[in-house]
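Heads up, the thing below is written out as structure tokens.
The values are calculated or read from the model by the stated rules, or taken from the named source; none is laboratory data. Treat the numbers as computed from the prediction; the structure is a model and nothing was measured. Reconstructed Cβ throughout: ideal geometry from the backbone, glycine too, with neighbour counts over all protein chains shown. Just so you know, the surface numbers come from the protein's heavy atoms only, side chains and all, with ligands and any DNA or RNA stripped out. Shrake-Rupley method; radii C 1.70, N 1.55, O 1.52, S 1.80 Å.
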Amino acid sequence: MNQYFKRQLDHYVEYHRDPTNCALHVFGIIFLFLAAILPLSLLSVNALGVRTNLATIMVLPVLIYWLLLDVTLGIGILCAIVLLLSTAAMIVDHASAGSVWFISAALIAAGVSFQIIGHRVFERRQPALLDNPTHLLLGPMFVMAKLYISLGFRNDLAAIIELVPQRDPHISSAYPEERQGKSLPHS
């Protein structure tokens, strides 16, 4: 695990302590990812002599990013992406273009609702994405890390995700020291 990923994950975890919020994120992230790739799966392309769809091509840069952050988590995400791309392909094969767009809209509504409910009701704080937009890409890594930990793998990730001290959920300070309960020196 590289230091950049460790720092980003440490910050992301502060916003995802409540187990119900984490469970809602699993479904929300899956729904939002599927919603993003469904319409792209409608568009067939030839890439290097291979017939594929635009979703597969558009997923590659973010998959490379996830693999660079952490290879083992990236491989887990790759497996999930293959399942989601296959699901999108089956939906596209059996539904009209209008239906695909309707399904995408419904998945977006459900996915965003899960995220908002998780943060507002259970975490009682704004989503990490609002403080740091790059956290949009950390959600799948966090979910995969939680899966690996629950299966007994990756104790190094468990040390970051599960052992960070609890903070007051009503504090949303811009200063990491204040979020962790440490006082800042006054000048």
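For the reader, a short list of remarks on this structure follows.
- Label-point gap, in nm, between Val121 and Leu60 - each point 7 angstrom along Cα→Cβ: 4.1 nm
- Segment 31-91 shape via C-alpha gyration tensor axes, a/c threshold 1.5: oblate
- Rounded to the nearest whole Hz, the Karplus-based 3J(HN,Hα) values (6.51 cos²θ - 1.76 cosθ + 1.60, θ = phi - 60°) of segment 107-115 follow the sequence 5, 5, 4, 5, x, 5, 4, 4, 5, with x at glycine and proline.
- Under the convention that each Lys and Arg Cβ holds +1 and each Asp and Glu Cβ holds -1, the size of the dipole of the chain around its Cα centre is about 60 debye.
- ³J(HN,Hα), Karplus 6.51/-1.76/1.60, whole Hz, each residue of segment 8-22, x for Gly, Pro: 5, 5, 4, 5, 4, 4, 4, 9, 9, 9, 6, x, 5, 4, 4
- MRE, 222 nm, helices only [DSSP H, n ≥ 4, -39500 (n - 2.57), over the chain, to nearest 500]: -21000 deg cm²/dmol
- Looking at the chain, the accessible area is 56 square angstrom per residue; that uses a 1.4 Å probe and ignores ligands, DNA and RNA.
- Shape class of segment 1-148 from the alpha-carbon gyration tensor: oblate, with a/c at 1.5 or above and b/c at least as large as a/b.
- Distance between the 7 Å Cα→Cβ label points at Leu68 and Leu48: 1.8 nm.
- Take every Cα pair under 8 Å whose residues are at least 6 apart in sequence, average their separation, divide by the length of the chain, and the relative contact order is 32 percent.
- The chain - percent of accessible surface contributed by carbon and sulfur, probe 1.4 Å: 69 percent
- In Å², nearest 10: area of Phe27 left accessible to a 1.4 Å probe: 110 Å²
- In this label model, Asp131 and Asn155 are separated by 2.9 nm, measuring between points 7 Å along each Cα→Cβ vector.
- Three-way shape call for segment 1-52 based on the alpha-carbon gyration tensor, with the a/c threshold at 1.5: oblate
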